[in-house]
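J.: What follows is a single structure, and I will ask about it in a moment.
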Amino acid sequence: MHTNFKQNIVETLKNSSPKELEAFCNARFQSNLAFFQAANYPNLFEVLQTPAKEYQLYIGQEGVNILNFKQNTFMYAVVDGKSTMLDVHENCAYNPPINEKWNHIFGGKASFVGDEYPYSNIFIDEILNYTLKNGGIVDNHLPSDFLPSLNLFGLGGGIFLQILIENYATIHNFFIFEESLDLFRIACFFVDFSLLFSKTQDQAGYIFLESIMKKEYIQNFFLRKKITTSLIRFELMLYQTPITLNARDVVYEMHSQIMRGWGTFEDEMRGIKNKLSFPIRKMLIEPKRVNAPICVVANGPSLDFLLPFIKKNKNKMIIFSCGTALKPLLNYGIKPDFQIEIERHDYLGDVLKSAPLDDIPLIAASVLDKSAKEVAKELYLFERDGSSAANLNVPRFRVQFTAPLVGNAGAALAAYLGSDVILCGLDCGYKKGSSKHAKNSYYGDEDAEIPEDAYPVAGNFSDDIYSDALFSLSKTTLEEAFSALKPFHILNLSDGARINGAQPIHHEDFELKTINKKTALKQIKSLFRDPKKEGFYTKETQKYIFEILAFKNKIHDTFKMKVFSKQDLFVALDKVYEVIAIESLSNPFISILFGGTLCHFLYAIASCSIHTPHNNMQDLWEKSCELYLIGMDKMLESLRETLFEKSGTPIA
């Protein structure tokens, strides 16, 4: 649908008279309007035809420019009677892979996993070794006619983008943020958006105007092509304003979150084995709210000054101690009402013994190691959404919003069960001058330092709070939990990151009312019942057999795609990931169990491709397919031994 012009954009702008330029720009604008209307972008089609409020295109003897008619100034300088707009854009469009005006952002380096992960090792270590033995290089290599994910903050007229469109055969995907509708409208006089979208895979382009209202949209951008956008993206900020800088920060935060928590088959199998190794007597069957606030205590440094508040009000609230917060509480003479744990690690039993847990009731995810469960004199289990084990046999209820930290699990449980939620030591960030955790905890003495990859965020009380990918993900999950579960009040007493939906408040500024704590505790414990008597699990294990085979074959079919170039490889990797993502909608047990290791494998393949000094990817792809079949069969064999050996029914 794009309009064909005889000359490229640079020749047109250099060689045309003002009258010819006006005709060209109007024709390009009308072409874009028709595209947006036909491509079902009705909002763009409509708003682009509204009157300008601040900026408009200028065409004159000086060339093209952008006029701020409110201030009567040009966006681009005029030097010796000539607009510099075209020069600026030509400089930005020159060879983005080596152009210093572009920020080149790479994900973590694909690395060997070693013998500790024997199944993931088959995929990741083998493909890395294959590449090393077949001419792999340290430097990055991209084909001269291919651009990966482009992130553009401000088009400033968009001429540079049109140059890229004309000079590159493929742009894997892109998103554009433009803070002004007027400025985006001006870009529509130069950029052939129909051609831009046609050069992406599956119309993989996002356009944001004026603000990024919801972080989920950016998250979705990265999730759609999780592997390839995680590996490499090129970022250009044509001009810096508070709005564009904020947009870039949001993108950085979302990209960092996407890079975390992929998991592995080995970790998921550990959770499954942990669950099956211990009889489940009391499981959270259905959450119900009790008439009492729940104080969620995590091990952030602000816990130190909140201990007196917790001790003073221990009879007016139920205390959930999360993970390593237990020791500081006990050292201060506070016995929590419940200890919350979610981790699969085999050393957790020793940690609980040394705290000591003693007779404190333990509320734990089903994936907890057997040794940790055995420490508890009172054990209450819940299914933690997001793990393969929790989805095994399709339980009627899973606790959501429990990742990535144990504090998230405690806060989620409190939001399900308490009338109100009080956050203490759930800092979700680093405070300048403070250690990462409270004093006298499991971690001992820590240095007060901010990690290099941390960045400043809005504080609950202070201006010197920093976050990283893990804390950012924790904060986002807390906000999602509170928004979805809606406790009556959520009070954040912590001196850490601001958590939207939680009221910042100092403990001196409110009083808790008297509650019947004994009754509330009894009510909470009554929610945990025998899952067999309750018919809690609704699917027989044997029914997974054919579903797993179907999943294996779907991915194998995708590996049969013809791949010749890096462009083809990026498309194929996204297609494989799409199969995993679709499976997660209907069968999270399968997608979570296999998806983590498979995603690491896809990422390693992508990394190998850009460290291969040529564009022939056929051998790499064939080797990847071979390793997929070997590794998948080994994983299926391990699963059969764990789940199906008693039935004698093969799954492969």
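The values are calculated or read from the model by the stated rules, or taken from the named source; none is laboratory data. Predicted model, so just to flag it, every value in this text is computed and none were measured. Virtual Cβ from ideal backbone geometry, glycine too; neighbours counted across all protein chains shown. Surface areas here come from the heavy atoms of the whole protein model, side chains and all, with no ligands, DNA or RNA. Shrake-Rupley method; radii C 1.70, N 1.55, O 1.52, S 1.80 Å.
J.: Any chance segment 234-242 includes a residue that's open to solvent by less than 10 Å² (accessible area, probe 1.4 Å), touching an Asp or Glu at 6+ places or on another chain (Cβ under 9 Å) and not hydrophobic (A, V, I, L, M, F, W, C)?
T.: Checked segment 234-242: no residue is open to solvent by less than 10 Å² (accessible area, probe 1.4 Å), touching an Asp or Glu at 6+ places or on another chain (Cβ under 9 Å) and not hydrophobic (A, V, I, L, M, F, W, C).
J.: Now, a different point. Scan segment 64-71 and give yes if some residue there is more than 26 Å from residue 206 (Cα to Cα) and loosely packed, with under 13 Cβ neighbours inside 10 Å, otherwise no. Walk me through how you get there before you give the answer.
T.: As a first pass, look at segment 64-71 and keep what is more than 26 Å from residue 206 (Cα to Cα): 64, 67-71.
If we keep only those that are loosely packed, with under 13 Cβ neighbours inside 10 Å as well, we get 70-71.
Yes, segment 64-71 contains at least one residue that is more than 26 Å from residue 206 (Cα to Cα) and loosely packed, with under 13 Cβ neighbours inside 10 Å.
J.: Now for a separate question. Which numbered condition in (1) part of a loop (DSSP other than H, G, I, E, B); (2) over 26 Å from residue 608 (Cα atoms); (3) touching a residue at least 12 places away in the same chain (Cβ under 8 Å); (4) open to solvent by 60 Å² or more (accessible area, probe 1.4 Å) is the only one that residue 139 fails?
T.: (2)
J.: Between a first residue in segment 609-632 that is in contact (Cβ under 8 Å) with a residue 12 or more places away in the chain and a second residue that is surrounded by fewer than 17 Cβ atoms within 10 Å (Cβ to Cβ) and of a type in the set (Val, Ile, Thr), which pairs have beta carbons less than 9 Å apart while being 6 or more apart in sequence or on different chains?
T.: Pairs found: 611/137; 611/138; 612/137; 613/137.
J.: Next question, about the same structure. Could you tell me which of the residues 52, 77, 38 is surrounded by fewer than 20 Cβ atoms within 10 Å (Cβ to Cβ), over 20 Å from residue 162 (Cα atoms) and modelled with pLDDT of 95 or more?
T.: Details: 52 fails: modelled with pLDDT of 95 or more; 38 fails: modelled with pLDDT of 95 or more.
That would be 77, the only listed residue that is surrounded by fewer than 20 Cβ atoms within 10 Å (Cβ to Cβ), over 20 Å from residue 162 (Cα atoms) and modelled with pLDDT of 95 or more.
J.: Then there's this: Is segment 277-285 home to any residue that is over 25 Å from the mean Cα position of the chain (by Cα) and among the aromatic types (Phe, Trp, Tyr)?
T.: Step one: list which residues in segment 277-285 are over 25 Å from the mean Cα position of the chain (by Cα), which gives 277-285.
Now narrow it down to the ones that are among the aromatic types (Phe, Trp, Tyr): 278.
Yes: one or more hits.
J.: Among the listed residues 352, 303, 307, 329, identify the single one that is over 20 Å from residue 403 (Cβ atoms) and in contact with a Phe, Trp or Tyr (Cβ under 8 Å, 6 or more places away or on another chain).
T.: On the way: 352 fails: in contact with a Phe, Trp or Tyr (Cβ under 8 Å, 6 or more places away or on another chain); 303 fails: in contact with a Phe, Trp or Tyr (Cβ under 8 Å, 6 or more places away or on another chain); 329 fails: in contact with a Phe, Trp or Tyr (Cβ under 8 Å, 6 or more places away or on another chain).
Every option except 307 fails the conditions.
Listed here are the residues, each with its yes/no results for (1) open to solvent by less than 40 Å² (accessible area, probe 1.4 Å); (2) in contact with a Phe, Trp or Tyr (Cβ under 7 Å, 6 or more places away or on another chain); (3) among the polar types (S, T, N, Q).
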| position | (1), (2), (3) |
| --- | --- |
| 269 | yes, no, no |
| 274 | yes, no, yes |
| 284 | yes, yes, no |
| 289 | no, no, no |
| 292 | yes, no, no |
| 298 | yes, no, no |
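J.: A follow-up question, please. Need at least 1 residues that are under 30 Å from residue 611 (Cα atoms), in contact with a Phe, Trp or Tyr (Cβ under 9 Å, 6 or more places away or on another chain) and in contact (Cβ under 8 Å) with a residue 60 or more places away in the chain per element, so show me which helices (runs of 4 or more DSSP H) inside segment 1-109 make the cut, counting only ones lying wholly within it. Give the derivation first.
T.: Working: elements: 9-15, 18-38, 42-47, 85-93.
Of the helices (runs of 4 or more DSSP H) lying wholly inside segment 1-109, those with at least 1 residues that are under 30 Å from residue 611 (Cα atoms), in contact with a Phe, Trp or Tyr (Cβ under 9 Å, 6 or more places away or on another chain) and in contact (Cβ under 8 Å) with a residue 60 or more places away in the chain span 85-93.
J.: Show me the helices (runs of 4 or more DSSP H) found entirely inside segment 501-600 where at least 2 residues are within 30 Å of residue 170 (Cβ to Cβ) and either open to solvent by 10 Å² or more (accessible area, probe 1.4 Å) or at pLDDT 95 or above (or both). Break it down into steps so the answer makes sense when it comes.
T.: Values: elements: 517-526, 531-534, 544-559, 566-586.
Those helices (runs of 4 or more DSSP H) span 544-559, 566-586.
J.: A further question on this structure: Exactly one condition in (1) assigned to a loop (DSSP other than H, G, I, E, B); (2) modelled with pLDDT of 95 or more is not met by residue 462; state its number.
T.: Condition not satisfied by residue 462: (2).
J.: Still on this structure, I have one more. If you go through segment 625-637 one residue at a time, do you hit one that is open to solvent by 10 Å² or more (accessible area, probe 1.4 Å), at pLDDT 95 or above, in contact with a Lys or Arg (Cβ under 7 Å, 6 or more places away or on another chain) and more than 30 Å from residue 276 (Cβ to Cβ)?
T.: Checking segment 625-637: not a single residue is open to solvent by 10 Å² or more (accessible area, probe 1.4 Å), at pLDDT 95 or above, in contact with a Lys or Arg (Cβ under 7 Å, 6 or more places away or on another chain) and more than 30 Å from residue 276 (Cβ to Cβ).
J.: Over 24 Å from the mean Cα position of the chain (by Cα), buried (at least 18 other Cβ atoms within 10 Å of the Cβ) and closer than 28 Å to residue 568 by Cα: does that describe residue 158? Let's see the steps before the verdict.
T.: Numbers: over 24 Å from the mean Cα position of the chain (by Cα): yes; buried (at least 18 other Cβ atoms within 10 Å of the Cβ): yes; closer than 28 Å to residue 568 by Cα: yes.
Judged against the criteria, residue 158 is a match.
J.: Being modelled with pLDDT of 95 or more and touching a helix residue (DSSP H, G or I) at 6+ places or on another chain (Cβ under 8 Å) is the filter here; which residues of segment 103-131 pass it?
T.: 117, 118, 119, 120, 122, 123, 124, 126, 127, 128, 130, 131
J.: Here is a further query. Would you check which residues across segment 402-418 are open to solvent by 10 Å² or more (accessible area, probe 1.4 Å) and over 16 Å from residue 286 (Cα atoms) and list them? Quick ask: steps written out before the conclusion?
T.: We begin by selecting, within segment 402-418, every residue open to solvent by 10 Å² or more (accessible area, probe 1.4 Å); these are 403-406, 416.
Result: 403, 404, 405, 406.
J.: Hey, another quick one. Scan segment 213-223 and tell me whether some residue there is within 22 Å of residue 248 (Cβ to Cβ) and surrounded by 23 or more Cβ atoms within 10 Å (Cβ to Cβ).
T.: Kept after step one, since they are within 22 Å of residue 248 (Cβ to Cβ), are these residues of segment 213-223: 213-223.
Filter once more, so that each one left must be surrounded by 23 or more Cβ atoms within 10 Å (Cβ to Cβ): 218, 221.
Within segment 213-223, one or more residues are within 22 Å of residue 248 (Cβ to Cβ) and surrounded by 23 or more Cβ atoms within 10 Å (Cβ to Cβ).
J.: Given the options 483, 441, 472, 462, name the one that is free of Cβ contacts under 8 Å to residues at least 60 places away in the same chain and open to solvent by less than 40 Å² (accessible area, probe 1.4 Å). Give the derivation first.
T.: Numbers: 483 fails: open to solvent by less than 40 Å² (accessible area, probe 1.4 Å); 441 fails: free of Cβ contacts under 8 Å to residues at least 60 places away in the same chain; 472 fails: free of Cβ contacts under 8 Å to residues at least 60 places away in the same chain.
Step by step, each of 483, 441, 472, 462 is checked, and only 462 is free of Cβ contacts under 8 Å to residues at least 60 places away in the same chain and open to solvent by less than 40 Å² (accessible area, probe 1.4 Å).
J.: Residue by residue through segment 172-202, note down the ones that are open to solvent by 10 Å² or more (accessible area, probe 1.4 Å) and either in contact with a Cys (Cβ under 9 Å, 6 or more places away or on another chain) or among the β-branched types (Val, Ile, Thr) (or both).
T.: Of everything in segment 172-202, those that are open to solvent by 10 Å² or more (accessible area, probe 1.4 Å) and either in contact with a Cys (Cβ under 9 Å, 6 or more places away or on another chain) or among the β-branched types (Val, Ile, Thr) (or both) turn out to be 189, 200.
J.: Turning to a different aspect of this structure: Would you point out the residue of segment 354-377, among those that are small (Gly, Ala, Ser) and outside any strand (DSSP E or B), that is nearest to residue 325 (Cα to Cα)? Please lay out each step first, then the result.
T.: Residues of segment 354-377 that are small (Gly, Ala, Ser), as a first pass: 354-355, 364-366, 371-372, 376.
Filter again for outside any strand (DSSP E or B), leaving 354-355, 366, 371-372, 376.
Working: 354: 13, 355: 10, 366: 21, 371: 20, 372: 16, 376: 17 Å.
If we take residues in segment 354-377 being small (Gly, Ala, Ser) and outside any strand (DSSP E or B), then 355 is nearest to residue 325 (Cα to Cα).
J.: Let me ask something else. Here's a check for you: in segment 324-334, which residue that is in contact (Cβ under 8 Å) with a residue 24 or more places away in the chain, open to solvent by 10 Å² or more (accessible area, probe 1.4 Å) and not aliphatic (A, V, I, L, M) is nearest to residue 358 (Cα to Cα)?
T.: Checked segment 324-334; the qualifying residue nearest to residue 358 (Cα to Cα) is 327.
J.: Looking at 246, 220 in this structure, which one is under 11 Å from the mean Cα position of the chain (by Cα), of a type outside the set (A, V, I, L, M) and at negative phi? First the steps, then the outcome.
T.: Working: 246 fails: under 11 Å from the mean Cα position of the chain (by Cα).
Going through 246, 220 in turn, just one is under 11 Å from the mean Cα position of the chain (by Cα), of a type outside the set (A, V, I, L, M) and at negative phi: 220.
J.: Restricting attention to segment 110-125, does a residue exist that is without any contact (Cβ under 8 Å) to a residue 60 or more places away in the chain, touching a Ser or Thr at 6+ places or on another chain (Cβ under 6 Å) and assigned to a loop (DSSP other than H, G, I, E, B)?
T.: no
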